[in-house]
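Below is one structure, written out as structure tokens; the observations come after it.
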Amino acid sequence: MVENSAELPPPNRNDLTAADRPALIGPLDTIQVDVFNVPDLSREMQVDASGGVSMPLVGMIDARGKTAGELARDIETSLRGRYVRNPQVTINIKSSVSQVVTVDGQVVEPGLYPVTNQMTLMRAIASARGMTEYARAEEVVILRTVDGRRMAGLYSIAAIRRGAYEDPAIYANDVIVVGDSPQRRLFRDLVSSAPLFVAPLVAVLR
């Protein structure tokens, strides 16, 4: 049990840099780079498999694990003085294949789904077209790595729908398992003492 916690803590930057997170650029993502008043440098490009992007005049720049704003500032620094006076660079992430959540178990369409900053457990399940007819709505597990530790939270969709507690945020690399008894057994020693209609259960996996 995680002391003094009623919900899974969010992962920190170090947890997600290697495998990416919402708002961070990752390998094979597509970005739009716009350099104000320099149309020849403005273009759509794909981040390569190692996390780099190549721009005219600038060369290869490491984009992996950076926000759009951070990458824009790196490009501005490379352009400033030598090539462009007071460069103004804007970057938009047009599509991301690196920021995904896995939804598995008793859902209609298990698979990998894109993560946005507004992603929650209910929205992730909805992305998988909802739970199947035989899904156990009180047995939904979120698996997550936080500070290098593997953690799990057990949630009741019915309790969330009733407003008993908040619909938890979902982050890139989370794994959601709906109605899967083997995952629920992670909590077998805790369930009887802390029913899910009051709060979710959070545990560190050893």
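The values are calculated or read from the model by the stated rules, or taken from the named source; none is laboratory data. Since the structure is predicted, the reported quantities are computational estimates derived from the model, not experimental observations. Here the Cβ positions follow ideal geometry from the backbone for every residue, glycine too, while neighbour counts run over all protein chains shown. We work out accessible area using only protein heavy atoms, side chains counted, and drop any ligands, DNA or RNA first. Shrake-Rupley method; radii C 1.70, N 1.55, O 1.52, S 1.80 Å.
Numbers below:
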| item | result |
| --- | --- |
| Any hit, segment 13-21, residues being touching a strand residue (DSSP E or B) at 6+ places or on another chain (Cβ under 8 Å) and either open to solvent by 60 Å² or more (accessible area, probe 1.4 Å) or in contact (Cβ under 8 Å) with a residue 60 or more places away in the chain (or both) | yes |
| Selected residue (only one of Leu16, Leu28, Leu57 is within 22 Å of the chain's Cα centre (by Cα), at pLDDT below 90 and part of a loop (DSSP other than H, G, I, E, B)) | Leu28 |
| Conditions (1) open to solvent by 50 Å² or more (accessible area, probe 1.4 Å); (2) at pLDDT 90 or above; number of the one not met by Phe197 | (2) |
| Per-region count, segment 33-54, residues touching a residue at least 24 places away in the same chain (Cβ under 8 Å), within 22 Å of Val97 (Cβ to Cβ), assigned to a strand (DSSP E or B) and open to solvent by less than 40 Å² (accessible area, probe 1.4 Å) | 1 |
| Odd one out for Gln118 among (1) open to solvent by 20 Å² or more (accessible area, probe 1.4 Å); (2) assigned to a strand (DSSP E or B); (3) within 28 Å of Thr67 (Cβ to Cβ) | (2) |
| Filter result for Thr102 (in a strand (DSSP E or B) and under 11 Å from Ile176 (Cα atoms)) | yes |
| Residue list for segment 173-194, filter: modelled with pLDDT of 75 or more and either open to solvent by less than 10 Å² (accessible area, probe 1.4 Å) or not small (Gly, Ala, Ser) (or both) | Asn173, Asp174, Val175, Ile176, Val177, Val178 |
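Yes/no per residue for (1) open to solvent by 30 Å² or more (accessible area, probe 1.4 Å); (2) within 23 Å of Leu205 (Cβ to Cβ); (3) touching a residue at least 40 places away in the same chain (Cβ under 8 Å); (4) touching a Leu at 6+ places or on another chain (Cβ under 6 Å):
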residue: Lys66; (1), (2), (3), (4): yes, no, yes, no
residue: Asn92; (1), (2), (3), (4): yes, no, yes, no
residue: Gly105; (1), (2), (3), (4): no, yes, yes, no
residue: Glu109; (1), (2), (3), (4): yes, no, no, no
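One line per residue, one yes/no per condition, for (1) surrounded by fewer than 20 Cβ atoms within 10 Å (Cβ to Cβ); (2) not basic (Lys, Arg); (3) not in a helix (DSSP H, G or I):
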{"position": "Ala126", "(1), (2), (3)": "yes, yes, no"}
{"position": "Glu133", "(1), (2), (3)": "yes, yes, yes"}
{"position": "Ala137", "(1), (2), (3)": "yes, yes, yes"}
{"position": "Thr145", "(1), (2), (3)": "yes, yes, yes"}
{"position": "Met151", "(1), (2), (3)": "yes, yes, yes"}
{"position": "Ala158", "(1), (2), (3)": "yes, yes, no"}
{"position": "Arg161", "(1), (2), (3)": "yes, no, no"}
{"position": "Tyr165", "(1), (2), (3)": "yes, yes, yes"}
{"position": "Tyr171", "(1), (2), (3)": "no, yes, yes"}
